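Okay, so here's the structure we're looking at.
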Amino acid sequence: MSQYVLRRLLIAIPSLLGISAVLFFVLALAPGDPFSELATNPNVPPEVQAALRARFGLDDPIYLRYLHWLFAMAHGDWGFSFVSRMDVDTLILQRLPTTLYVIGSAQVLALLIAIPVGVYAATKPYSLFDQIANTLAFIGFSLPTFFTGLLFILIFSVTLDWLPFVYTTDINATGIHWVLEMIRQAIMPVAVLGLFQAASMTRFVRSAMLDVVRLDYVTTARAKGLGQAKVIVKHVMRNAMIPVVTLIALQMPAVFGGAIVTEQIFRIPGIGSLLISSILSNDTPVVMAVTFVFACLVVLFNLIADVLYGWLDPRISLR
(Lines give C-alpha, C1' and ligand atoms only; values in the text may rest on other atoms or scores of the structure.)
Protein backbone atom coordinates (compact mmCIF):
# COMPACT_ATOMS: atom_id res chain seq x y z
CA MET A 1 0.00 0.00 0.00
CA SER A 2 2.72 2.49 0.98
CA GLN A 3 4.67 1.74 -2.22
CA TYR A 4 1.52 2.28 -4.28
CA VAL A 5 0.80 5.63 -2.62
CA LEU A 6 4.42 6.71 -3.07
CA ARG A 7 4.33 5.71 -6.74
CA ARG A 8 1.10 7.64 -7.30
CA LEU A 9 2.58 10.70 -5.61
CA LEU A 10 5.61 10.52 -7.89
CA ILE A 11 3.31 10.21 -10.92
CA ALA A 12 1.35 13.27 -9.70
CA ILE A 13 4.48 15.46 -9.76
CA PRO A 14 4.59 15.83 -13.60
CA SER A 15 0.83 16.50 -13.61
CA LEU A 16 1.21 19.28 -11.04
CA LEU A 17 4.19 20.73 -12.93
CA GLY A 18 2.15 20.80 -16.13
CA ILE A 19 -0.83 22.38 -14.38
CA SER A 20 1.38 25.01 -12.73
CA ALA A 21 3.06 25.86 -16.06
CA VAL A 22 -0.27 26.31 -17.86
CA LEU A 23 -1.67 28.42 -15.03
CA PHE A 24 1.42 30.60 -14.85
CA PHE A 25 1.65 31.27 -18.59
CA VAL A 26 -2.09 32.02 -18.86
CA LEU A 27 -1.90 34.49 -15.97
CA ALA A 28 1.30 36.02 -17.35
CA LEU A 29 -0.33 36.61 -20.75
CA ALA A 30 -3.44 38.18 -19.19
CA PRO A 31 -3.68 41.98 -19.37
CA GLY A 32 -2.53 43.94 -16.34
CA ASP A 33 -0.22 43.08 -13.45
CA PRO A 34 -0.05 43.87 -9.70
CA PHE A 35 1.66 47.23 -10.39
CA SER A 36 -0.50 48.37 -13.29
CA GLU A 37 -2.32 50.87 -11.05
CA LEU A 38 0.98 52.53 -10.13
CA ALA A 39 1.35 53.82 -13.68
CA THR A 40 -1.69 56.05 -13.21
CA ASN A 41 -0.72 57.18 -9.70
CA PRO A 42 1.06 60.55 -9.88
CA ASN A 43 2.36 60.15 -6.30
CA VAL A 44 4.61 57.23 -7.31
CA PRO A 45 7.71 58.39 -9.26
CA PRO A 46 8.64 56.42 -12.40
CA GLU A 47 11.97 55.32 -10.89
CA VAL A 48 10.13 53.80 -7.91
CA GLN A 49 7.80 51.92 -10.27
CA ALA A 50 10.79 50.63 -12.25
CA ALA A 51 12.60 49.56 -9.07
CA LEU A 52 9.56 47.64 -7.81
CA ARG A 53 9.09 45.89 -11.12
CA ALA A 54 12.77 44.95 -11.24
CA ARG A 55 12.68 43.68 -7.64
CA PHE A 56 9.80 41.31 -8.33
CA GLY A 57 11.02 40.40 -11.83
CA LEU A 58 7.86 41.51 -13.62
CA ASP A 59 9.84 42.57 -16.71
CA ASP A 60 11.77 39.28 -17.01
CA PRO A 61 10.87 36.72 -19.71
CA ILE A 62 7.94 34.51 -18.83
CA TYR A 63 9.96 31.30 -18.61
CA LEU A 64 12.42 32.91 -16.15
CA ARG A 65 9.58 34.18 -14.01
CA TYR A 66 8.05 30.71 -13.99
CA LEU A 67 11.34 29.09 -12.96
CA HIS A 68 11.79 31.66 -10.18
CA TRP A 69 8.26 30.98 -8.96
CA LEU A 70 8.75 27.21 -9.13
CA PHE A 71 12.02 27.26 -7.15
CA ALA A 72 10.49 29.63 -4.61
CA MET A 73 7.46 27.32 -4.20
CA ALA A 74 9.79 24.35 -3.72
CA HIS A 75 11.45 26.24 -0.86
CA GLY A 76 8.14 27.19 0.76
CA ASP A 77 8.00 30.78 -0.52
CA TRP A 78 4.58 31.21 -2.14
CA GLY A 79 5.07 34.88 -2.90
CA PHE A 80 3.76 38.16 -1.51
CA SER A 81 0.26 39.58 -1.83
CA PHE A 82 0.49 43.14 -3.14
CA VAL A 83 -3.08 43.90 -2.07
CA SER A 84 -3.20 42.33 1.41
CA ARG A 85 0.44 43.23 2.17
CA MET A 86 1.23 39.81 3.59
CA ASP A 87 2.74 36.47 2.55
CA VAL A 88 0.53 34.39 0.28
CA ASP A 89 0.94 31.18 2.29
CA THR A 90 -0.19 32.97 5.46
CA LEU A 91 -3.18 34.43 3.63
CA ILE A 92 -4.23 31.04 2.23
CA LEU A 93 -3.73 29.17 5.51
CA GLN A 94 -6.01 31.70 7.22
CA ARG A 95 -8.86 30.94 4.79
CA LEU A 96 -8.31 27.31 3.80
CA PRO A 97 -9.84 25.78 7.00
CA THR A 98 -13.11 27.63 6.38
CA THR A 99 -13.34 26.37 2.80
CA LEU A 100 -12.49 22.79 3.79
CA TYR A 101 -15.05 22.96 6.61
CA VAL A 102 -17.84 24.03 4.26
CA ILE A 103 -16.88 21.65 1.43
CA GLY A 104 -16.27 18.72 3.78
CA SER A 105 -19.59 19.22 5.57
CA ALA A 106 -21.38 19.51 2.22
CA GLN A 107 -19.83 16.26 0.99
CA VAL A 108 -20.82 14.45 4.18
CA LEU A 109 -24.38 15.76 3.85
CA ALA A 110 -24.49 14.67 0.20
CA LEU A 111 -23.35 11.14 1.06
CA LEU A 112 -25.79 10.87 3.98
CA ILE A 113 -28.63 11.71 1.59
CA ALA A 114 -27.50 10.01 -1.63
CA ILE A 115 -26.48 6.58 -0.35
CA PRO A 116 -29.65 5.70 1.67
CA VAL A 117 -32.02 7.24 -0.88
CA GLY A 118 -30.22 5.73 -3.87
CA VAL A 119 -29.97 2.28 -2.29
CA TYR A 120 -33.61 2.19 -1.23
CA ALA A 121 -34.77 3.50 -4.60
CA ALA A 122 -32.80 0.72 -6.32
CA THR A 123 -34.39 -1.94 -4.12
CA LYS A 124 -37.84 -0.57 -5.02
CA PRO A 125 -37.44 0.38 -8.71
CA TYR A 126 -40.30 2.30 -10.35
CA SER A 127 -42.13 2.51 -7.04
CA LEU A 128 -43.66 5.75 -5.75
CA PHE A 129 -40.58 6.40 -3.60
CA ASP A 130 -38.29 5.83 -6.60
CA GLN A 131 -40.27 8.22 -8.78
CA ILE A 132 -40.29 10.94 -6.11
CA ALA A 133 -36.56 10.51 -5.49
CA ASN A 134 -35.79 10.72 -9.22
CA THR A 135 -37.95 13.83 -9.63
CA LEU A 136 -36.30 15.60 -6.71
CA ALA A 137 -32.88 14.56 -7.99
CA PHE A 138 -33.60 16.01 -11.45
CA ILE A 139 -34.77 19.26 -9.84
CA GLY A 140 -31.74 19.32 -7.54
CA PHE A 141 -29.02 19.16 -10.17
CA SER A 142 -30.98 21.34 -12.61
CA LEU A 143 -30.91 24.33 -10.25
CA PRO A 144 -27.54 26.15 -10.07
CA THR A 145 -26.03 26.84 -6.66
CA PHE A 146 -26.30 30.63 -7.01
CA PHE A 147 -30.08 30.35 -7.54
CA THR A 148 -30.53 27.93 -4.64
CA GLY A 149 -28.38 30.12 -2.40
CA LEU A 150 -30.40 33.25 -3.14
CA LEU A 151 -33.63 31.27 -2.65
CA PHE A 152 -32.46 30.04 0.75
CA ILE A 153 -31.53 33.59 1.76
CA LEU A 154 -34.95 34.91 0.76
CA ILE A 155 -36.79 32.16 2.64
CA PHE A 156 -34.73 31.46 5.77
CA SER A 157 -33.06 34.85 6.31
CA VAL A 158 -35.28 37.56 4.88
CA THR A 159 -38.76 36.03 5.31
CA LEU A 160 -38.43 33.73 8.32
CA ASP A 161 -35.35 35.35 9.92
CA TRP A 162 -34.10 31.96 11.15
CA LEU A 163 -30.54 31.91 9.82
CA PRO A 164 -27.86 34.57 9.14
CA PHE A 165 -27.07 35.09 5.48
CA VAL A 166 -23.56 36.47 6.06
CA TYR A 167 -20.88 34.05 7.26
CA THR A 168 -18.42 35.50 9.77
CA THR A 169 -15.47 34.15 11.72
CA ASP A 170 -15.66 36.89 14.37
CA ILE A 171 -18.37 35.37 16.55
CA ASN A 172 -18.87 37.10 19.88
CA ALA A 173 -19.36 33.90 21.87
CA THR A 174 -17.39 31.16 23.60
CA GLY A 175 -17.75 27.48 24.37
CA ILE A 176 -20.86 25.66 23.23
CA HIS A 177 -22.52 28.92 22.12
CA TRP A 178 -19.64 29.52 19.68
CA VAL A 179 -20.02 25.99 18.28
CA LEU A 180 -23.79 26.37 17.86
CA GLU A 181 -23.40 29.73 16.14
CA MET A 182 -20.79 28.30 13.76
CA ILE A 183 -23.15 25.45 12.87
CA ARG A 184 -26.09 27.85 12.52
CA GLN A 185 -24.35 30.13 10.03
CA ALA A 186 -22.97 27.18 8.04
CA ILE A 187 -26.37 25.51 7.54
CA MET A 188 -27.35 27.37 4.37
CA PRO A 189 -24.04 27.23 2.44
CA VAL A 190 -23.53 23.58 3.40
CA ALA A 191 -27.11 22.75 2.40
CA VAL A 192 -26.75 24.52 -0.96
CA LEU A 193 -23.60 22.61 -1.87
CA GLY A 194 -24.67 19.34 -0.25
CA LEU A 195 -28.10 19.15 -1.88
CA PHE A 196 -26.64 19.94 -5.30
CA GLN A 197 -24.08 17.13 -4.97
CA ALA A 198 -26.62 14.74 -3.41
CA ALA A 199 -28.93 15.10 -6.42
CA SER A 200 -26.41 13.74 -8.92
CA MET A 201 -25.00 11.18 -6.46
CA THR A 202 -28.47 9.76 -5.78
CA ARG A 203 -29.03 9.00 -9.46
CA PHE A 204 -25.58 7.46 -9.74
CA VAL A 205 -25.97 5.30 -6.60
CA ARG A 206 -29.33 4.04 -7.86
CA SER A 207 -27.89 3.18 -11.28
CA ALA A 208 -24.85 1.41 -9.80
CA MET A 209 -27.04 -0.58 -7.40
CA LEU A 210 -29.37 -1.69 -10.22
CA ASP A 211 -26.37 -2.90 -12.24
CA VAL A 212 -25.00 -4.98 -9.38
CA VAL A 213 -28.27 -6.32 -7.95
CA ARG A 214 -28.96 -8.27 -11.18
CA LEU A 215 -25.64 -10.17 -11.14
CA ASP A 216 -25.49 -13.93 -10.62
CA TYR A 217 -23.65 -13.88 -7.31
CA VAL A 218 -26.45 -11.79 -5.78
CA THR A 219 -28.99 -14.36 -6.93
CA THR A 220 -26.79 -17.09 -5.42
CA ALA A 221 -26.62 -15.26 -2.10
CA ARG A 222 -30.40 -15.02 -2.00
CA ALA A 223 -30.71 -18.70 -2.94
CA LYS A 224 -28.56 -19.58 0.08
CA GLY A 225 -31.23 -18.05 2.31
CA LEU A 226 -29.56 -14.74 3.18
CA GLY A 227 -31.94 -11.97 4.13
CA GLN A 228 -32.61 -9.01 1.85
CA ALA A 229 -30.86 -6.53 4.14
CA LYS A 230 -27.70 -8.65 4.41
CA VAL A 231 -27.58 -9.23 0.66
CA ILE A 232 -27.90 -5.52 -0.07
CA VAL A 233 -25.46 -4.28 2.57
CA LYS A 234 -22.79 -6.99 2.36
CA HIS A 235 -22.88 -8.13 -1.26
CA VAL A 236 -24.40 -5.34 -3.35
CA MET A 237 -23.49 -2.02 -1.76
CA ARG A 238 -19.77 -2.64 -1.49
CA ASN A 239 -19.31 -3.35 -5.21
CA ALA A 240 -21.79 -0.67 -6.21
CA MET A 241 -19.82 1.98 -4.33
CA ILE A 242 -16.77 1.68 -6.63
CA PRO A 243 -18.23 3.83 -9.46
CA VAL A 244 -19.67 6.17 -6.83
CA VAL A 245 -16.16 6.76 -5.43
CA THR A 246 -15.02 7.50 -8.99
CA LEU A 247 -17.85 10.01 -9.39
CA ILE A 248 -16.98 11.77 -6.14
CA ALA A 249 -13.32 12.06 -7.15
CA LEU A 250 -14.15 13.37 -10.63
CA GLN A 251 -16.67 15.86 -9.21
CA MET A 252 -14.15 17.57 -6.93
CA PRO A 253 -13.31 20.31 -9.47
CA ALA A 254 -17.04 21.04 -9.77
CA VAL A 255 -17.33 21.03 -5.98
CA PHE A 256 -14.58 23.64 -5.66
CA GLY A 257 -16.15 25.66 -8.46
CA GLY A 258 -19.49 25.57 -6.68
CA ALA A 259 -17.77 26.55 -3.44
CA ILE A 260 -16.39 29.68 -5.11
CA VAL A 261 -19.91 30.77 -6.09
CA THR A 262 -21.36 29.84 -2.70
CA GLU A 263 -18.66 31.74 -0.84
CA GLN A 264 -19.50 34.84 -2.85
CA ILE A 265 -23.21 34.54 -2.11
CA PHE A 266 -22.86 34.00 1.64
CA ARG A 267 -19.71 36.15 2.05
CA ILE A 268 -17.72 33.20 3.39
CA PRO A 269 -14.08 34.22 4.02
CA GLY A 270 -12.62 31.20 2.23
CA ILE A 271 -10.11 30.77 -0.55
CA GLY A 272 -12.88 30.90 -3.14
CA SER A 273 -13.77 34.48 -2.27
CA LEU A 274 -10.03 35.21 -1.95
CA LEU A 275 -9.56 33.98 -5.53
CA ILE A 276 -12.33 36.23 -6.90
CA SER A 277 -11.07 39.34 -5.08
CA SER A 278 -7.50 38.61 -6.19
CA ILE A 279 -8.55 38.26 -9.82
CA LEU A 280 -10.40 41.58 -9.68
CA SER A 281 -7.38 43.33 -8.14
CA ASN A 282 -4.76 41.66 -10.41
CA ASP A 283 -3.07 40.10 -7.38
CA THR A 284 -1.30 37.49 -9.53
CA PRO A 285 0.71 35.70 -6.79
CA VAL A 286 -2.46 34.96 -4.83
CA VAL A 287 -4.38 33.82 -7.94
CA MET A 288 -1.53 31.51 -8.91
CA ALA A 289 -1.21 30.03 -5.43
CA VAL A 290 -4.96 29.50 -4.90
CA THR A 291 -5.48 27.80 -8.25
CA PHE A 292 -2.44 25.61 -7.60
CA VAL A 293 -3.86 24.65 -4.19
CA PHE A 294 -7.13 23.68 -5.88
CA ALA A 295 -5.18 21.49 -8.33
CA CYS A 296 -3.28 19.80 -5.48
CA LEU A 297 -6.52 19.08 -3.64
CA VAL A 298 -8.07 17.53 -6.76
CA VAL A 299 -5.01 15.28 -7.23
CA LEU A 300 -5.16 14.33 -3.54
CA PHE A 301 -8.83 13.34 -3.72
CA ASN A 302 -8.17 11.21 -6.81
CA LEU A 303 -5.39 9.44 -4.90
CA ILE A 304 -7.76 8.79 -2.00
CA ALA A 305 -10.31 7.37 -4.47
CA ASP A 306 -7.71 4.98 -5.89
CA VAL A 307 -6.83 3.75 -2.40
CA LEU A 308 -10.52 3.23 -1.59
CA TYR A 309 -10.91 1.01 -4.65
CA GLY A 310 -8.69 -1.64 -3.07
CA TRP A 311 -10.62 -1.48 0.20
CA LEU A 312 -14.03 -1.76 -1.47
CA ASP A 313 -13.05 -4.55 -3.87
CA PRO A 314 -10.31 -6.96 -2.69
CA ARG A 315 -9.92 -8.15 -6.29
CA ILE A 316 -8.24 -4.82 -7.09
CA SER A 317 -4.56 -5.10 -6.31
CA LEU A 318 -2.75 -1.92 -5.31
CA ARG A 319 0.58 -2.81 -6.85
Open item on the list: Using protein chains only and a probe of 1.4 angstrom, how many square angstrom of residue 93 are accessible, to the nearest 10?
Closed with: 120
- [ ] Assuming 1.567 mPa s and 4 °C, estimate D for the stretch 77-227 with Stokes-Einstein, Rh taken as the Kirkwood radius over Cα pairs, in µm²/s.
- [x] 70
- [ ] Between residue 300 and residue 214, with labels modelled 7 Å along Cα→Cβ, what's the label distance in nm to one decimal, could you check?
- [x] 4.0
Open item on the list: As a test of reading the structure, rank 309, 217 by solvent-accessible area (1.4 Å probe, protein chains only), most first.
Closed with: 217, 309
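In terms of solvent-accessible area of protein heavy atoms at a 1.4 angstrom probe, what is the ranking of 278, 200, 142, highest value first? It would help to have the intermediate numbers written out before the result.
Numbers: 278 5, 200 30, 142 80 Å².
If we order 278, 200, 142 from most to least accessible, we get 142, 200, 278.
Relative to the Cα centre, what is the charge dipole magnitude of the chain, using +1 at the beta carbon of each Lys and Arg, -1 at the beta carbon of each Asp and Glu, and rounding to the nearest 20 debye? Walk me through the numbers before you get to the answer.
Values: 20 positive and 18 negative charges, 336 e Å.
Magnitude of the dipole: close to 1620 debye.
Keeping every protein chain present and rolling a 1.4 Å probe, give me the accessible area per residue for the stretch 94-160 in Å².
On the way: 3750 Å² over 67 residues.
Per-residue value: 56 Å².
Taking N as the number of residues in the chain, what value does Rg over Cα atoms divided by 2.2 N^0.38 Å take?
On the way: Rg = 24.1 Å, N = 319, 2.2 N^0.38 = 19.7 Å.
Ratio of Cα Rg to 2.2 N^0.38 Å: 1.23.
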Open item on the list: Per DSSP helix of 4 or more residues, -39500 (n - 2.57); summed, then divided by the residues of the chain. What does that give at 222 nm, rounded to the nearest 500?
Closed with: -24000 deg cm²/dmol
Task: Solvent-accessible surface ranking, highest first, for 166, 117, 88 at 1.4 angstrom - done: 166, 117, 88
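Just round it to a whole percent: the fraction of Cα-Cα distances in the stretch 149-286 exceeding 19 Å.
Working: 6271 of 9453 pairs.
Cα-Cα pairs in the stretch 149-286 separated by more than 19 Å: 66 percent.
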TODO: Set Lys and Arg Cβ to +1 and Asp and Glu Cβ to -1, take the dipole of the stretch 130-244 about its Cα centre, and tell me which of 200, 158, 177 lies farthest positive.
DONE: 200
Open item on the list: With every protein chain left in place and a probe of 1.4 Å, what is the accessible surface of residue 188, to the nearest 10 Å²?
Closed with: 0
- [ ] Calculate how large, on average over all directions, the projected area of the Cα convex hull of the stretch 59-129 is; give the answer in nm² to one decimal.
- [x] 9.2
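The values are calculated or read from the model by the stated rules, or taken from the named source; none is laboratory data. Note that this is a predicted model, so its numbers are computed, not measured. Because the Cβ atoms are built from the backbone with ideal geometry, glycine has one as well, and the counts that use them run over all protein chains shown. Protein only, heavy atoms only, side chains kept; ligands, DNA and RNA dropped before computing areas. Shrake-Rupley method; radii C 1.70, N 1.55, O 1.52, S 1.80 Å.
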